[in-house]
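Derivation of every value follows stated rules applied to the coordinates shown; laboratory data play no part. Computed from a predicted model, the values in this text were never measured in an experiment. As a convention, Cβ positions derive from the backbone with ideal geometry for all residues, glycine included, and neighbour counts pool all protein chains shown.
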Amino acid sequence: MIYGIADVGSNTVRLSIYKCEGGEVRLLMNRKTMAGLAGYVRHGALTPEGIEVACQTLQGYRSLMDNLELPDLRVFATASLRNISNTEEAVGAVMAATGLRVDVLSGREEAELSFRGAIQNAGLYNGLLVDLGGGSTELVAYRNRTIQSACSLSVGSLSLFSRHVEKLWPDKGERRAIRRAVEDQLDQFAPQRAPARHICGVGGTVRAACKVANVLFGRPAEDRSLDRVELKEMLRRLKKPEKAELRLLLKTVPDRIHTIIPGLLALDTIVRAYGAQTITASACGVREGYLLDRVLREPAVKPANTAITEREG
């Protein structure tokens with residue numbers, strides 16, 4: 001059976017198409033649209049223009065699925081529609097325009113599904129999962145591959161940029177404001193946090209950080225790891241980027257040129273708060289977790305976890 005999973009996020013709207021057969025889940029195709037829905041929020045509500053962007057993007061994905069004669073498209077939303085005052089209006093507009101029902105995940109559900117997807121192919125036994133998105137960040141402390149605690153912070157790379165950065169690049173005061181915003185959320189939602197030596201990173205910001213580090217430090221392009229010293233050095237070198245650094249970012253993460261530094265600052269603040277030493281970017285996350293839990297209804301604990309074959313798209 002082939003399923004399409006559309007993830008409506010604050011920064012991107014993504015479509016992943018999977019083939020599920022014989023206990024194996026294989027990613028066939030990835031599509032990404034930099035919709036930037038968080039930028040359409042005014043006075044806490046998603047504007048009609050933002051709703052139209054969401055509708056047009058999802059209609060395009062539905063048309064793609066129809067052209068491929070693949071009828072099963074499931075849609076969920078995270079902070080993009082969760083953290084607005086007109087959620088029902090936005091969900092209703094999508095249904096009217098596309099015929100697609102949007103499942104709006106709570107912060108807790110998003111955190112648990114991110115962990116569910118990430119543990120499939122990763123050697124996760126003890127540590128902290130960090131799903132750093134555009135509008136929110138989910139934290140899951142786990143031990144022996146079991147969730148110990150989970151929470152959602154209402155800060156992400158795009159929302160931090162929108163709230164705290166006046167121009168393209170944050171100045172000294174704006175960088176401090178970004179860190180304070182993340183620290184305030186940590187104090188509110190994760191006040192009693194156990195140290196975590198290792199972080200499993202989920203989401204575009206962590207993947208982008210690894211890509212930039214690979215170029216900056218001359219590492220293999222497929223490297224998905226990062227340590228706290230490298231993260232600190234990245235932030236130092238990108239503090240006041242020269243033309244060479246700007247060119248590097250435009251070549252490596254062009255669609256995140258404005259959110260990469262807020263995202264790195266958020267990640268570094270979390271690393272400091274938990275005393276983490278290393279970060280590994282997971283190939284899987286909330287979409288895979290949603291597929292397994294809400295579509296395939298696979299049990300969360302199995303003697304042998306369902307294998308997910310990843311193909312970058």
Please list the non-local residues whose amide H lies under 5 Å from the amide H of residue 153, H modeled 1.01 Å from N, same-chain partners needing a gap of 5 or more.
137, 138, 139
Alpha-carbon centroids, the stretch 1-45 and the stretch 182-259: separation in whole Å
22
Could you sort 273-279, 134-140, 13-19, 68-74 so that the peptide with the highest average Cβ count within 10 Å comes first and the rest follow in order?
134-140, 13-19, 273-279, 68-74
Can you list the lysines whose alpha carbon sits under 30 Å from that of residue 251, skipping same-chain ones fewer than 8 residues off?
32, 167, 172, 211, 232, 239, 240, 243
Kirkwood hydrodynamic radius, the stretch 182-245, all distinct C-alpha pairs: what's the number in Å?
13.7
Between (i) 16.8; (ii) 24.0; (iii) 15.4, which entry matches mean projected area of the Cα convex hull in nm² as derived from the coordinates of this structure?
(iii)
Which peptide among 56-63, 283-290 comes first, and what is the full order, when sorted by highest mean count of other Cβ atoms within 10 Å?
283-290, 56-63
Pairwise Cα inverse-distance average, inverted: Kirkwood Rh of the stretch 33-157 (Å)
15.8
Going residue by residue through the stretch 234-243, the Karplus relation 6.51 cos²θ - 1.76 cosθ + 1.60 with θ = phi - 60° gives ³J(HN,Hα) values, rounded to whole Hz and with x marking Gly or Pro, of 4, 5, 5, 6, 9, 4, 10, x, 7, 4
From the mean inverse distance of alpha carbon pairs (Kirkwood) and the Cα radius of gyration, derive Rg over Rh for the stretch 74-132.
1.10
Let me have the 222 nm mean residue ellipticity of the chain computed from DSSP H runs of 4+ only, each contributing -39500 (n - 2.57), with the sum over all residues rounded to the nearest 500.
-12500 deg cm²/dmol
Shape descriptor, the stretch 124-182: equivalent ellipsoid semi-axes (Cα gyration tensor, sqrt 5λ, whole Å, largest first) stand at 29, 10, 8
³J(HN,Hα) computed for each position of the stretch 259-272 - Karplus, 6.51 cos²θ - 1.76 cosθ + 1.60, integer Hz, glycine/proline x
10, 5, 5, x, x, 5, 5, 5, 4, 5, 5, 5, 4, 5
Dipole size in debye (nearest 20) for the stretch 75-228 around its Cα centre, Lys and Arg Cβ +1, Asp and Glu Cβ -1?
560
Work from the charge dipole of the chain (Cβ charges, +1 for Lys and Arg, -1 for Asp and Glu, about the Cα centre) and give the residue of 253, 38, 149 farthest towards its positive end.
253
Explain nothing, just compute: Karplus ³J(HN,Hα) = 6.51 cos²θ - 1.76 cosθ + 1.60, θ = phi - 60°, for every residue of the stretch 159-167 in order, whole Hz, x for Gly and Pro.
5, 5, 4, 5, 7, 10, 10, 7, 10
